[in-house]
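Trainee: Quick one: structure below, then a few questions.
The values are calculated or read from the model by the stated rules, or taken from the named source; none is laboratory data. Please read all numbers here as calculations on a predicted model, not as lab measurements. Glycine also receives a Cβ, built like all others from the backbone with ideal geometry; neighbour counts cover every protein chain displayed. For accessibility, only protein heavy atoms count, side chains too; no ligands or nucleic acids. Shrake-Rupley method; radii C 1.70, N 1.55, O 1.52, S 1.80 Å.
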Amino acid sequence: MHKLEQTIRDDEEKMETYRFEINKYRLSQIHSDEYRQKVTDLNERLLTLSAHNLALQEQLKGEKVDEDPAPPVKNVLPLAEEEEAFRLLLSLKKGTKRELAPEEWNQLFYLVDFLYDDFLSRLRETHPALTAHDLHICCLLKISLSHEDIARIFSTTTDSLTRAKGRLKKRLNSFSHLNIDSFVNRF
């Protein structure tokens, strides 16, 4: 238990160092490709350590003896898959990832639910008529991907994506006054 607590403290110190470096780069007047790559690398390390710490904290909770244990966490991924999910998110944000395999969609769904207060779970519950493709679109919109990036991930044209978003908007008929991007951001 003490070893886990020490590892968490060590990770938090590293995370603080990464945050300091990121702020230092952001405050500098140099905004080259090297600068952007360094900030991206630091953010990736920060996300990986954050996921690692969350997993260690859950493990630590399991080692402590409670008379009233907390209910099990739903949709938990093993640590390696959590790290992979964060890497997937970063590659999508960088534009280096194309089509997603089913297991990658599962990882991304888990991560979006984790980061955005069970966004997809709430969306499924509120709007059960949504298709898997609708949920994929909502997931990618929630992580702020552009229209063109989403079309690239689906290997389709931007016109096809516009039509798919129109069908999605019809399935969310009670929110027809909002565009789909605004709806996803507010939900």
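Trainee: Within the range 103-122, how many residues are open to solvent by 70 Å² or more (accessible area, probe 1.4 Å) and in a helix (DSSP H, G or I)?
Mentor: Result for the range 103-122: 5.
Trainee: Loosely packed, with under 15 Cβ neighbours inside 10 Å, more than 26 Å from Leu88 (Cβ to Cβ) and at pLDDT 75 or above: which single residue out of Glu63, Glu13 fits that description?
Mentor: Glu13
Trainee: Checking Phe114 against (1) at pLDDT below 85; (2) over 25 Å from Arg171 (Cα atoms); (3) not hydroxyl-bearing (Ser, Thr, Tyr), which test does it fail?
Mentor: Failed condition: (2).
Trainee: Further question on the same structure: Kindly indicate whether any position in the range 92-102 is part of a helix (DSSP H, G or I), of a type outside the set (A, V, I, L, M), more than 26 Å from Asp41 (Cβ to Cβ) and open to solvent by 40 Å² or more (accessible area, probe 1.4 Å).
Mentor: For the range 92-102, residues part of a helix (DSSP H, G or I), of a type outside the set (A, V, I, L, M), more than 26 Å from Asp41 (Cβ to Cβ) and open to solvent by 40 Å² or more (accessible area, probe 1.4 Å): present.
Trainee: Could you list all residues from the range 132-174 that are β-branched (Val, Ile, Thr) and over 17 Å from Val112 (Cβ atoms)?
Mentor: Thr156, Thr157, Thr158, Thr162
Trainee: Considering only residues of the range 123-157 that are of a type in the set (D, E, K, R) and modelled with pLDDT under 90, which is least open to solvent (accessible area, probe 1.4 Å)?
Mentor: Here the residue is Arg124.
Trainee: Considering only the range 127-160, state which residues are in contact (Cβ under 8 Å) with a residue 24 or more places away in the chain, assigned to a helix (DSSP H, G or I) and over 18 Å from the mean Cα position of the chain (by Cα).
Mentor: Selection gives Arg152 alone.
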